[in-house]
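Here's the structure, in C-alpha cells; my notes come after.
The values are calculated or read from the model by the stated rules, or taken from the named source; none is laboratory data. This structure is a prediction, so every number in the text was calculated from the model and none was measured. No Cβ is skipped: glycine too gets one built from the backbone with ideal geometry, and neighbour counts run over all protein chains shown. Keep in mind that these areas ignore ligands, DNA and RNA; they rest on the heavy atoms of the full protein, side chains included. Shrake-Rupley method; radii C 1.70, N 1.55, O 1.52, S 1.80 Å.
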Amino acid sequence: MSEPTMRSPLHSFGLSEQAKPIDGSCGVWANELRHLGYISLRGNGADPAFATAASTAIGVSLPLRPCTFASSNGKTILWLSPDEWMIVCPRAQLSALLGSLRQALTDVRSQVVDNSGGYTQVIIEGRNALDVLQHVSVYDFASMEPGRVVGTTFGKSSVYAFRQGNGYRLVLRRSFADYIWRYLVRAAIPYGLGIADLAGSPLPEEGVPI
Amino acid sequence: MFVLFCPHCGEKREEEEFGYGGEAFIPRPATPEALDDEAWGDYLFMRKNPKGWHWEMWSHNTGCRKFFVVKRNTATNAIAGSWTLAEGRKAYDAEGGST
C-alpha cells in the first residue's frame, strides 16, 4: 500500500495552472482554497464551561449568536447550529488544534471530529460575484451583513456561505465539489469567470502525504 | 412557495431550504405492547390531514439541520408562527392540543 496523499476534489479542473492576478477583465473571480483543516465541534454553547474551554483552546471566542462567525490568526469558527460549530484552520495547525481542543474538553460533554477530508472551500470575488450567488441560491445575498454565515442552497446541493473581504467564501462538501464548481462556472458565463491567483494565501501542494 | 422563520437561526428563509417533517406532537402510546393492531396502525399511519390550521414539523435542511414546529394553514399557506419543539409544545397545549 502506498501512502495516502492529499488531493483536492477539484484537482481535475487544473485551477492552479489557470490562475492569474485579479484585474478588470472578468466579472467574477473564483478559485479553490484547497487543503484547509476542518474541525466539527459540538457541545452546549449555553454551558460556560464548554464555551470557555473551547474558546481558550482555539484562541478565538466561540460565536454564540446564531448565524455568525469569528476569525482570528487565520482561524475561523462558523456557527452552524445551536450546538455545532465548524473550525476552519490552516492544515499545518490542524493536529495541534485537535489535540488542544480534545485536551481542553476532556471533562466537558462535547464532540471534536476532524472533518478535513470532507470539505473544501471556494472563494468568489469580483464585481458580479453577488449576481452569480443570486443565480445559484435562494438566499438573499444582497442583504447579507458582514459577520454572518448562512447554510443555504446551491443548486440542488447546499453550502455554508460567508463574506470575507471583498468577496464571499463557500464551504462545501467534498462529494458535491464537482457539481458545485460546474454549476458556478455555468452561472458565471454572462459575466466572464477568471481563476483568481491565490498567491497571497499559500496552500499545501497537491499530492503530499496526509 | 413561502417563507419560514427558523427559530434556531433566527432568520426568515425560503421554503426551499426546508424539509417537511409531518404532523407535530403525535402522542406515542405509553404501552405499545398492549395495543391491538388497529390502534397501533392508527398511531403509525393515520394523520389528521385537516383543511385549515395544522401543527407540523419542518427541518432546516440546508441550514442548522434542526427540527422545529410551524402552525400553518393548509388551505391558504398562512403561517401563524414557528417555535422550537419545546416552545411549540407549550403553544400547542395552550390551544388545547387540537388543529
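Here are some notes:
- Once A binds B, the 1.4 Å probe can no longer reach about 1200 Å² of accessible area, counting both sides.
- With R₀ set to 51 Å, the beta-carbon distance separating A:Ser61 from A:Asp23 gives a calculated FRET efficiency near 0.85.
- For chain A, adding -39500 (n - 2.57) for each run of n ≥ 4 DSSP H residues and dividing by the number of residues yields -6000 deg cm²/dmol at 222 nm.
- Interface residues, the stretch B:4-18 - accessible area loss of 30 Å² or more versus chain alone, probe 1.4 Å: B:His8, B:Cys9, B:Glu11, B:Arg13, B:Glu14, B:Glu16, B:Glu17
- The label point for A:Ala142 and the one for B:Phe45, both projected 7 Å from the Cα toward the Cβ, are 5.0 nm apart.
- Averaged over A:145-155, number of beta-carbon atoms from partner chains that fall within 10 Å: 3
- Each label point was placed 7 Å from the Cα along the Cα-to-Cβ direction; for B:Asp93 and B:Thr74 their separation is 2.5 nm.
- Note that the stretch B:17-93 presents 58 Å² accessible area per residue, ligands and nucleic acids not counted, probe 1.4 Å.
- Peptide B:57-68 has a mean of 4 when you count, residue by residue, the C-beta atoms of other protein chains within 10 Å of its C-beta.
- Highest-first packing order for the peptide set A:141-152, A:69-80 is A:69-80, A:141-152, based on the mean count of other beta carbon atoms within 10 Å.
- Accessible area of the protein assembly as shown belonging to carbon and sulfur atoms, whole % at 1.4 Å probe: 51
- Taking the Cα centre of chain A as origin and assigning +1 to Lys and Arg Cβ atoms and -1 to Asp and Glu Cβ atoms, the resulting dipole is close to 240 debye.
- Cross-link pairs A:Lys156/B:Lys12; A:Lys75/A:Lys156; B:Lys48/B:Lys71; B:Lys12/B:Lys66 - those with Cα-Cα distance over 23 Å: A:Lys75/A:Lys156
- A convex hull fitted to the Cα coordinates of the stretch A:36-114 yields 71 cubic angstrom per residue.
- Each 5 Å bin from 0 upward holds the following percent of the Cα-Cα pairs of chain A: 1, 7, 15, 19, 19, 16, 11, 7, 3, 1, 0.
- Its residues counted as N, the stretch B:38-80 yields a C-alpha radius of gyration over 2.2 N^0.38 Å of 1.44.
- Other protein chain C-beta atoms within 10 Å of residue C-beta, averaged over B:19-32: 0.
- Averaging 1/r over each pair of different alpha-carbon atoms in the stretch B:8-49 and inverting the result gives 13.2 Å, the Kirkwood hydrodynamic radius.
- Each stretch of four or more DSSP H residues adds -39500 (n - 2.57); spread over every residue of chain B, this sum gives -5500 deg cm²/dmol at 222 nm.
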